[in-house]
Amino acid sequence: FRFLYNPQTVSMNWGTTTEVNPQLESLGLDKGVPLTSGLNNTTVSFDLVLNRIDDMRILDSNGFKTIKGKQYKELYSPQISDAEAKLIYKKGTMYGLEYFFKAVNGDIGNYESYLNGSTSDRGWMFAIPVELHLGTGLRYLVRISSLAVNHNMFDERMVPIFSTVSIICTRYYDGKEVMNDTTKTGKK
């Protein structure tokens, strides 16, 4: 899932729960509401820019354009296959969002849509935990609570080529005592 530069801003909100009685909790007598229930109100949100304007200059329905004997594939970084180039031309910024939906929905995300063919966009998102890395100091275990996409520019085929994506993530508790060994060692 690629996007243009870094988010301009990252908004962080911390929540609390008013249902906890601090005195009873400190004595271990309030078992009904865990202190971590405030995480339901703790979010990280940001906007990303997806820009496929330049891609549409060098792609067509056959993949990479060849102009005056020069194929644009050599200029494209990182290198991609002709099949991927055709999909970028067909889907525009939605091509990048396919990877987002695969990350959010996991392996169960792919299915055959009657209208859109093979896609990871089911119309909703599963609450699968994902690691959000916004640099070395901003790393969180989250679920994607909300995704809003504004398509700001289209080509002549009405394929979105410039889009703004707003993402709201709700944090999970990620204390060492609850994280399993796979996150520390990479082993199952």
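The values are calculated or read from the model by the stated rules, or taken from the named source; none is laboratory data. Bear in mind that the values here come from a model prediction, so they are computed numbers and not experimental data. Don't worry about glycine lacking a Cβ; one is built from the backbone with ideal geometry, like all the others, and counts go over all protein chains shown. All accessible areas refer to the heavy atoms of the entire protein, side chains included, with ligands and DNA or RNA removed. Shrake-Rupley method; radii C 1.70, N 1.55, O 1.52, S 1.80 Å.
A Cβ distance below 6 Å, combined with a sequence gap of six or more or placement on separate chains, defines the contacts here; from segment 68-79, residues that are at pLDDT 70 or above reach residues that are surrounded by 10 or more Cβ atoms within 10 Å (Cβ to Cβ) and assigned to a helix (DSSP H, G or I) in the pairs Y72/I58.
Let me confirm something: among S118, S113, which residue is more than 15 Å from the chain's Cα centre (by Cα), surrounded by 10 or more Cβ atoms within 10 Å (Cβ to Cβ) and of a type in the set (G, A, S)? Give the derivation first.
Values: S118 fails: surrounded by 10 or more Cβ atoms within 10 Å (Cβ to Cβ).
After ruling out the rest, the residue left standing is S113.
Counting the residues of segment 154-164 that are part of a strand (DSSP E or B), closer than 15 Å to Y95 by Cβ and not small (G, A, S) gives 4.
Taking segment 88-110 as the range and being open to solvent by 70 Å² or more (accessible area, probe 1.4 Å) and free of Cβ contacts under 8 Å to residues at least 24 places away in the same chain as the test, the residues that pass are K102, D107, I108, N110. Listed by first and then second residue, the pairs linking a residue in segment 117-130 that is free of Cβ contacts under 8 Å to residues at least 12 places away in the same chain to a residue that is in a loop (DSSP other than H, G, I, E, B), with Cβ atoms under 7 Å apart and 6 or more places separating them unless they lie on different chains, are S118/N110.
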